[in-house]
Amino acid sequence: MSRRFTRRPLSAAERDARRTADRDRLDEAARALLTAEGWRRWIRVRATNGLTPPPHG
């Protein structure tokens, strides 16, 4: 039997805080791609988490 959790709705302040945190994470991730190390890290993650396309063959 699965458990269902009911979450209380977020307040306006909580939604704003979540949006700000999401924007900050996205900004940090985008800035990381501007560096060689950040780009290499992104490629390494893509190659190891199952998101690479299957080989042509």
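The values are calculated or read from the model by the stated rules, or taken from the named source; none is laboratory data. Only a predicted model underlies this, so the values are computations on that prediction, with no experimental measurement involved. Counting neighbours? That spans all protein chains shown, and the Cβs are built from the backbone with ideal geometry, glycine included.
Restricting to the range 1-31, count the residues that are aliphatic (A, V, I, L, M), over 13 Å from the mean Cα position of the chain (by Cα) and in a helix (DSSP H, G or I). Steps first, answer last, please.
Kept after step one, since they are aliphatic (A, V, I, L, M), are these residues of the range 1-31: 1, 10, 12-13, 17, 21, 26, 29-30.
So of that shortlist, the ones also over 13 Å from the mean Cα position of the chain (by Cα) come out as 1, 10, 12-13, 17.
Filter once more, so that each one left must be in a helix (DSSP H, G or I): 12-13, 17.
Looking only at that region, the number is 3.
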For residues that are over 17 Å from the mean Cα position of the chain (by Cα) and of a type in the set (Gly, Ala, Ser), scanning just the range 33-57, find the one that is modelled with the highest pLDDT. ALA36
Output for the range 1-50, where each listed residue is loosely packed, with under 10 Cβ neighbours inside 10 Å and hydrophobic (A, V, I, L, M, F, W, C): MET1, PHE5, ALA12, ALA13, LEU34, ALA36
